[in-house]
Amino acid sequence: MSRPRVVVIGGGPGGYEAALVAAQLGAQVTVIEENGPGGSCVLTDCVPSKTLIATSSLMAALDGAGDLGISVGAGHARAGADRLNARIKDLALAQSHDVATRLAAAGVDVVPGRGRLAGPGRVAVGDREFDAQTVLIATGARPRVLPAAAPDGERLLTCRQLYDLSELPDELIVVGSGVTGAEFASAYQMLGSQVTLVSSRDHVLPQEDEEAALVVEEVFARKGMTVLSRSRAVTARRAGSGVEVGLADGRTVRGTHCLLTVGVVPQTDGFGLAEAGVELDERGFVRVDRVSRTSVPGVYAAGDCTGVWMLASVAAMQGRIAMWHALGEAVQPLRLGWVAATIFTEPEIATVAVGVSQREVDSGNVSARAVKLPLATNARAKMDGSRDGFVKLFARSPSGIVLGGVIVAPRASELILAVSLAVERQLTVDQVATTFAVYPSLSGSITEAARQLMQPSD
Ligand SMILES: Cc1cc2nc3c(=O)[nH]c(=O)nc-3n(C[C@H](O)[C@H](O)[C@H](O)COP(=O)(O)OP(=O)(O)OC[C@H]3O[C@@H](n4cnc5c(N)ncnc54)[C@H](O)[C@@H]3O)c2cc1C
C-alpha cells in the first residue's frame, strides 16, 4: 500500500507538530514554510518574548534582592540592548534549527517558499507542485497595523521589531493592555524603561480573572508604571526625536518609543484558500470544527489562522488532532476547557480555562464554589520575598470536582500543571487535598485550597 501524502503549509507549532505526528503514523510529509522552521512562534513571537522576559525576571529578582539580605552594590544592574537582543535572536535561530533537526530526523521534507493551494489535493511552491490526500493550513497571524499608527521599525514598533533596537527605550508607550501589551510593559519596566501603558478598558488584561488582573496592575503601579485606563489611542506618530500618541479625548502622550499591540490578523489571504472554497469567518479566520476540518474535504487548518485560541499549545494540539483524524486514528476533539495558559507578567498569571468565572460563582449563576489563598499566607513565598499573588481554585457543587483555577505567582506557569491534571482527570477536591505537597512549597497552596473547599459529609 502506498504511503498517504500530507502537505502542511506553515512551519509553526500548528504545522510542525502535525508533521511529526503524520510522519509517526507513516505518512509521507512535506512542510512548506516561507520564513523558517518553528514559524513566527519560534522566530519572532513566543520564543523571543519569553527570552526577553527571562532577563527582565532576573532584573526583578535583583530589584528585590535587598529584602533578602543581598547588597547589589552601589551601581544599578543594567541590561544592555545589544547583548540582550543578540541573545534573543541567537536563541530563536537555535530553536528553529532544533525544530528543523527534529523534522529531518522524522523524515519530513521541509520546502522553503510560499505555498499556495492550487486545486483539490494540490499545493504549489513556485513552479513545483505537490499532490496530497491531506493538506493542513497552519499559516498563523501577524500583528494588526492601524493606518493612523503605522509602525516604522525604529520608534513606532510592532512586537516583532523590538529586537532590532540598538538601545533599550528610555520612555516606552505601550498601546494595548491585552496579553501582549501587558507582558512587554512588565518586561521593559523591569529592564529600566519608564513605561506608559495605554488601555482602552477599565483595567489591564480585561479578558482575565479580575482579581488576577488587579494584582498585576497594582504591581505595575508600585514599580512606577503609568497606566492610562479608559484611554483609547487613535494616532501614533514620530514627533521630533521621539513619538507622540494621540488619545480619543484629545490628550497626547509623549515618549521615546511606542509599541503597538492592537491585535492580530490571520494570514489567510493571497494563497488560494478562497478559490479552493475554504470558508473563512467575517474576520478572515479559517472556520474549523473541533477536529480541525475546514469546509473542504481533505483540507484541515490549525493554529492562529483559525482564531480558536492564539496559543502555541492550542495550535500544536489542533495540528496533531488534524493528523490523527485524517490518518484514521481515534481522536479526542479539542477541549478548550482544558487549556492551560499563562501571562508572563511579573508576577505571572496562569489559568486553566474553566468556563466559569469568579463573577458567575459569586452571583450564584453556576453551582460552584471558589477559594482564594493569598500568596502572603504561604511560608515558601514569604521566604522568597514574594508577596503579590494568590492561588484560587473552583470546584463544582456538590460533587467537589475541580473545575479549574487561577494562580498569580512567580513561575505560576510551572505550578498550573497540577490544576490542569486535576481538571482533565476530573479529580475531586478531596483527592487533591490528600495529595502530598512538599513543605515549604508554593504548590502547597494548591492542596491547601483544595482542603478549604472540602465539605464535611453528612
Ligand atoms: C509576542 C507574542 C508572544 C507570545 N507568547 C506566547 C506564549 O508565551 N505561549 C504561547 O502558547 N503562545 C504565545 N504566543 C502565541 C503563539 O506565538 C502563537 O499562538 C503560535 O505561534 C501559533 O502557531 P501557528 O503554527 O498557528 O503559527 P505561526 O507560529 O505564526 O507560524 C505560521 C508560519 O506560517 C508561515 N506561512 C504563512 N503563510 C505561508 C505560506 N503561504 N506558505 C508558507 N509559509 C507560510 C509563516 O511564515 C509562519 O512562519 C505569543 C504571540 C506573540 C505575538
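The values are calculated or read from the model by the stated rules, or taken from the named source; none is laboratory data. Because the structure is predicted, anything quoted here is derived from the model rather than measured. Positions of Cβ are generated from backbone atoms using ideal geometry, with glycine treated the same way; all protein chains shown enter the neighbour counts.
General observations
- Every residue from region 90-99 that is surrounded by fewer than 19 Cβ atoms within 10 Å (Cβ to Cβ), within 15 Å of the ligand (Cβ to nearest atom) and aliphatic (A, V, I, L, M): Leu91, Leu93
- Hey, Arg369 in contact with a Leu (Cβ under 7 Å, 6 or more places away or on another chain) and of a type in the set (D, E, K, R) or not: yes
- Leading residue by the ranking (nearest to the chain's Cα centre (by Cα)) among those in region 15-52 that are hydroxyl-bearing (Ser, Thr, Tyr) and more than 8 Å from the ligand (Cβ to nearest atom): Thr51
- Selection of region 321-347 for residues being buried (at least 22 other Cβ atoms within 10 Å of the Cβ), more than 10 Å from the ligand (Cβ to nearest atom) and in contact (Cβ under 8 Å) with a residue 60 or more places away in the chain yields Ala322, Met323, Ala326, Thr345, Glu346, Pro347.
- Condition check for Arg251: surrounded by fewer than 19 Cβ atoms within 10 Å (Cβ to Cβ), free of Cβ contacts under 8 Å to residues at least 24 places away in the same chain and within 16 Å of the ligand (Cβ to nearest atom): no
- Against the test of being within 29 Å of Val174 (Cβ to Cβ) and either of a type outside the set (S, T, N, Q) or buried (at least 19 other Cβ atoms within 10 Å of the Cβ) (or both), the options Val125, Val111, Val145 yield a single qualifying residue, Val145.
- All conditions but one from (1) surrounded by fewer than 21 Cβ atoms within 10 Å (Cβ to Cβ); (2) within 17 Å of the chain's Cα centre (by Cα) apply to Gly69; the one that does not is (2).
- The set of residues from region 260-300 being basic (Lys, Arg) and surrounded by fewer than 18 Cβ atoms within 10 Å (Cβ to Cβ) comprises Arg283, Arg287, Arg290.
- Only listed residue being more than 16 Å from the ligand (Cβ to nearest atom), charged (D, E, K, R), touching a residue at least 60 places away in the same chain (Cβ under 8 Å) and part of a helix (DSSP H, G or I), chosen from Glu217, Glu183, Glu211: Glu211
- For Ala81: the one exception among (1) farther than 30 Å from Val21 by Cβ; (2) crowded, with 18+ Cβ neighbours inside 10 Å; (3) modelled with pLDDT of 95 or more: (2)
- Residues that are at pLDDT 95 or above and under 25 Å from the mean Cα position of the chain (by Cα), drawn from region 351-373: Thr351, Lys372
- Restricted to region 1-14, and to residues there that are buried (at least 24 other Cβ atoms within 10 Å of the Cβ) and under 20 Å from Gly126 (Cα atoms), the residue that is nearest to the ligand (Cβ to nearest atom) is Gly10.
- Conditions (1) of a type in the set (Gly, Ala, Ser); (2) closer than 30 Å to Gln189 by Cα; (3) modelled with pLDDT of 95 or more; (4) not in a helix (DSSP H, G or I): number failed by Gly107: (2)
- Looking across Arg102, Arg87, one residue alone is at pLDDT 95 or above, out of contact with any Gly (no Cβ under 9 Å at 6 or more places or on another chain) and more than 16 Å from the ligand (Cβ to nearest atom). It is Arg87.
- As a summary of the residue check, Asp384 satisfies the conditions (1) closer than 30 Å to Ala65 by Cβ; (2) touching a helix residue (DSSP H, G or I) at 6+ places or on another chain (Cβ under 7 Å); (3) away from the ligand (no atom under 14 Å from the Cβ) except for the one numbered (2).
- Looking only at region 270-316, residues that are touching a residue at least 12 places away in the same chain (Cβ under 8 Å), out of contact with any Cys (no Cβ under 7 Å at 6 or more places or on another chain) and within 11 Å of the ligand (Cβ to nearest atom) come to 18 in all.
- Residue in region 50-83 that is nearest to Asp170 (Cα to Cα), counting only those that are without any contact (Cβ under 8 Å) to a residue 60 or more places away in the chain and part of a helix (DSSP H, G or I): Arg83
- Hey, Val361 more than 14 Å from the ligand (Cβ to nearest atom), out of contact with any helix residue (DSSP H, G or I) (no Cβ under 9 Å at 6 or more places or on another chain), hydrophobic (A, V, I, L, M, F, W, C) and on the phi < 0 side of the Ramachandran plot or not: yes
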